[in-house]
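The values are calculated or read from the model by the stated rules, or taken from the named source; none is laboratory data. Predicted model, so just to flag it, every value in this text is computed and none were measured. Reconstructed Cβ throughout: ideal geometry from the backbone, glycine too, with neighbour counts over all protein chains shown. These accessible areas exclude ligands, DNA and RNA; they are computed on the full protein's heavy atoms, side chains included. Shrake-Rupley method; radii C 1.70, N 1.55, O 1.52, S 1.80 Å.
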Amino acid sequence: MQIEFQTNVGRKRKSNQDTVGVFENKLGIVIGIVADGMGGHQAGDTASQLAVTGLGTSWEKTALETQEEVARWLISAIQKENREIYAEGSSSPEKFGMGTTIVVAAILKDELLLAHVGDSRGYIVRKPTIKQLTSDHSLVNELVKTGEITTAMARRHPKKNVLLRSVGVPGEIEVDLSVTSVKENDYVLLCSDGLSNMLDDEEIKEIILKDMSLEQKVTLLVDGANEAGGSDNITVLLINFDENNKGGEIE
């Protein structure tokens with residue numbers, strides 16, 4: 001298994017509020033995390049960093065390996081980060097109301113567990129197809145579901161940044177969780193909306209299936225989003241599975 005990731009400020013923002021990380025637990029099981037912070041410069045940075053660092057540090061201390069164990073941990077850990085980010089945001093006027101999206105991929109041999117809150121996404125690319133595995137918790141996605149706007153219109157909608165769920169709110173949050181089988185030569189992509197609002201699914205798939213290194217694919221995705229306007233921070237985490245090392249160490 002190979003993993004590459006990159007985060008970029010984009011062309012319109014002054015700071016990067018995205019955070020990305022990859023972590024292994026005591027059994028060598030890997031999770032990848034992408035978070036997209038919101039709430040002003042310092043607040044957005046803080047929220048996404050708290051989420052990724054908190055989840056990653058907690059995961060490194062575990063020795064979990066079954067689907068059931070990891071699923072329970074993902075939901076519990078995200079709920080914990082929600083409480084801590086809300087508490088931090090309530091501690092000072094500068095951080096009040098801060099929050100973050102989150103998407104987490106846990107790789108268990110031939111299975112992928114995805115947990116997410118917000119509009120950061122998870123995809124699987126299996127030649128010749130691409131499939132979005134997450135459903136955006138956003139106003140525009142609800143409009144798409146009801147047929148009021150198209151998917152293409154959603155990417156340019158003036159309210160595309162309005163979230164219906166995020167991490168850093170009072171009380172319990174609902175965490176979406178899914179399980180997907182993975183095969184040799186599959187790619188799993190985690191990304192912030194700075195990528196998915198700039199490139200459509202077919203453009204993303206075309207880049208991922210190019211004959212080049214994983215690092216080059218990630219760079220090309222980021223460059224493509226910037227060339228399309230780069231209106232937001234761009235974060236890409238790309239995983240490639242091979243037959244001999246589907247759930248093992250990071251290469």
>> For the structure I just gave you, tell me whether GLU142 is of a type in the set (Asp, Glu), part of a loop (DSSP other than H, G, I, E, B) and at pLDDT below 95.
In response: no
> So, in the stretch 115-131, of the ones that are charged (D, E, K, R) and outside any strand (DSSP E or B), which residue ends up nearest to ASP211 (Cα to Cα)?
Replying inline: LYS127
>> Looking at ALA87, ALA77, ALA51, ALA47, can you tell me which residue is free of Cβ contacts under 8 Å to residues at least 24 places away in the same chain and touching a Ser or Thr at 6+ places or on another chain (Cβ under 8 Å)?
In response: ALA77
>> Suppose we filter GLY56, GLY32, GLY10 for residues that are more than 15 Å from LEU237 (Cβ to Cβ) and either of a type in the set (A, V, I, L, M, F, W, C) or touching a residue at least 24 places away in the same chain (Cβ under 8 Å) (or both); which single one remains?
In response: GLY10
>> Checking ALA152 against (1) outside any loop (DSSP other than H, G, I, E, B); (2) within 20 Å of the chain's Cα centre (by Cα); (3) more than 30 Å from LYS95 (Cβ to Cβ): exactly one of these is not met. Which one?
In response: (2)
> If ASP45 passes every condition in (1) over 20 Å from the mean Cα position of the chain (by Cα); (2) modelled with pLDDT under 95 but one, which one does it miss?
Replying inline: (1)
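Results for (1) touching an Asp or Glu at 6+ places or on another chain (Cβ under 9 Å); (2) open to solvent by 10 Å² or more (accessible area, probe 1.4 Å); (3) charged (D, E, K, R), shown as yes or no for each residue.
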site: ILE75; (1), (2), (3): no, yes, no
site: ASN82; (1), (2), (3): yes, no, no
site: GLY89; (1), (2), (3): no, no, no
site: PHE96; (1), (2), (3): no, yes, no
site: LEU113; (1), (2), (3): no, no, no
site: VAL117; (1), (2), (3): yes, no, no
>> Can you go through LEU163, LEU177, LEU221 and tell me which one is touching a residue at least 24 places away in the same chain (Cβ under 8 Å), under 29 Å from LEU50 (Cα atoms) and open to solvent by less than 20 Å² (accessible area, probe 1.4 Å)?
In response: LEU221
>> Can you tell me how many residues within the stretch 9-28 are closer than 24 Å to VAL70 by Cβ, open to solvent by less than 20 Å² (accessible area, probe 1.4 Å) and more than 12 Å from the chain's Cα centre (by Cα)?
In response: 2
>> So if I check each of GLU174, GLU243, GLU206, which one is at pLDDT 95 or above, among the charged types (D, E, K, R) and part of a loop (DSSP other than H, G, I, E, B)?
In response: GLU174
